[in-house]
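Colleague: If you scroll down you'll find the structure; I have some questions about it.
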Amino acid sequence: MSDIASLPLFHQIAGSEVLVLGDGDAAEPKRRLVERAGGVVVDDLARAIDEGVRLAFIAYDDRQACEVAAINARCAGMLVNVVDRPELCDFTTPSILDRDPLLVAIGTGGASAGLTKHVRLRLERVLPQTLGLLAKALEAVRPVLRERFPDGAERRRAVDAALREGGALDPFDPLAHARVTEWAAGLAGPQAGGMVEITLTSPDPEDLTLRQARMLGEADVLLLDGAVPDAILARARADAARLAWHEVSPAGDSDPAGLTLLLRFRP
């Protein structure tokens with residue numbers, strides 16, 4: 001698989017103390033971010049060390065003061081973010097598109113805050129404001145779905161079928177959230193599985209068709225025929241089983257109940 005520069009995580013800090021050092025334009029956005037996430041801002045390093053604070057934002061105007069504070073906080077066991085100094089950071093903060101409880105976080109590992117901002121602004125125009133309502137509605141019907149589909153794989157395939165482009169709950173449809181309860185109550189059985197063959201001629205994931213990209217994101221099993229590029233495999237579900245085609249029996253024992261994708265790479 002292809003490498004990623006950072007490990008993206010959503011860290012729950014509600015009720016927890018977070019150190020924010022500095023004043024002015026650089027520090028204030030960090031204070032607001034901590035407070036939006038329910039955290040309690042602490043502005044004294046000694047107190048933060050004594051109380052076992054685990055996260056620190058440092059935003060002094062003086063570069064040397066930032067370096068000293070970062071060393072002291074890190075030695076006390078804190079994960080540190082120094083504003084505009086990615087080389088001093090243990091973590092960076094992404095640009096956030098908020099459709100509560102759905103959050104889209106866009107980051108470059110500190111390479112360009114401007115780029116992340118403008119990608120977010122583009123996405124703001126195309127992602128419906130009702131996505132959060134859709135997420136909450138899906139959460140509310142989880143008990144119904146568990147009862148109808150005790151098997152997790154079947155449940156996932158049913159939800160995938162509804163959420164795919166043009167499906168009953170297409171996320172880009174601003175009215176999808178209003179249909180969730182009715183969809184769950186009258187849900188037919190999940191779509192049958194089977195095998196679909198895709199022949200790839202380019203190592204660039206941007207050359208995937210929309211259908212190919214969608215199926216990579218839904219497949220339960222990937223059968224690899226040839227050296228399928230890591231950049232392509234990165235578009236697949238992380239929990240999809242990956243098998244070499246020559247290791248699979250002709251009878252096809254690779255979870256026939258699910259969607260199996262045979263990927264042939266022929267550059």
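Colleague: Go through Ile71, Pro205, Gly114 and say which Cα lies farthest out towards the positive end of the charge dipole of the chain; charges sit on Cβ, +1 for Lys and Arg, -1 for Asp and Glu.
Modeller: Sorting the options by dipole projection puts first Pro205.
Colleague: Now a separate question. Could you give each residue of segment 65-78 its phi-based ³J(HN,Hα) in whole Hz, using Karplus coefficients 6.51, -1.76, 1.60 with θ = phi - 60°, and x for Gly or Pro?
Modeller: With coefficients 6.51, -1.76 and 1.60, one gets 4, 4, 5, 5, 5, 5, 4, 5, 5, 5, 5, 8, x, 8 Hz.
Colleague: Which one of Ala184, Ala59, Ala236 has its Cα pushed farthest toward the positive end of the charge dipole of the chain, where Lys and Arg give +1 and Asp and Glu give -1 at the Cβ?
Modeller: Ala184
Colleague: The list [x] 23.0, 68; [y] 20.0, 60; [z] 31.9, 138 gives values of Rg and Dmax of the Cα atoms in Å, and only one came from this structure; which label was calculated from it?
Modeller: Checking each listed value against the structure points to [x].
Colleague: Charges only on Cβ, +1 for Lys and Arg, -1 for Asp and Glu: so what's the dipole of the chain about the Cα centre, in debye to the nearest 20?
Modeller: It works out to roughly 640 debye.
Colleague: Looking at the chain, send over the antiparallel percent of its DSSP beta bridges, to the nearest 5.
Modeller: That works out to approximately 15 percent antiparallel.
Colleague: May I ask you to derive the FRET efficiency for Asp84 and Val41 from their Cβ-Cβ distance with R0 = 22 Å, giving the value to the nearest 0.05?
Modeller: 0.65
Colleague: What FRET efficiency would be calculated for the residue pair Leu210, Asp50, taking the C-beta separation as r and a Förster radius of 51 Å, to the nearest 0.05?
Modeller: 0.40
Colleague: Among Ala158, Ala46, Ala27, which one shows the biggest mean-square fluctuation in a GNM of the chain, springs joining Cα atoms closer than 10 Å?
Modeller: Maximum among the listed residues: Ala46.
Colleague: So, one more: Taking amide H atoms as placed 1.01 Å from N in the peptide plane, list the residues 5 or more away in sequence, or in a different chain, whose amide H sits under 5 Å from that of Met195.
Modeller: Residues meeting the amide H criterion: Thr260.
Colleague: Also, I was wondering about something else. On a full-extension model of 0.36 nm per residue, what is the gain between Thr201 and Arg264, subtracting their alpha-carbon distance, rounded to one decimal in nm?
Modeller: Result: 21.8 nm gained on full extension.
Colleague: Fully extended, how many nm does the chain gain between Asp23 and Cys75 (0.36 nm per residue separation, minus their Cα-Cα distance)?
Modeller: Working it through step by step, the gained length comes to 16.4 nm.
Colleague: Give me the extension gain from Lys136 to Leu9: residue separation times 0.36 nm, minus the current Cα-Cα distance, reported in nm with one decimal.
Modeller: Stretched out fully, the Lys136 to Leu9 stretch lengthens by 43.7 nm.
Colleague: Shifting gears a bit: When the chain is modelled as a GNM with alpha-carbon springs shorter than 10 Å, which of Arg164, Arg125, Arg155 fluctuates the most?
Modeller: Answer for the Gaussian network model of the chain: Arg125.
Colleague: Name the residue, out of Val126, Val82, Val18, whose mean-square fluctuation peaks in a Gaussian network model built on the chain with Cα pairs under 10 Å.
Modeller: The residue that fluctuates most here is Val126.
Computed from the coordinates by the stated procedures, all read-outs in this text should not be read as laboratory data. Source: prediction; values computed, not measured. Backbone-built Cβ (ideal geometry, glycine too); neighbour counts: all protein chains shown.
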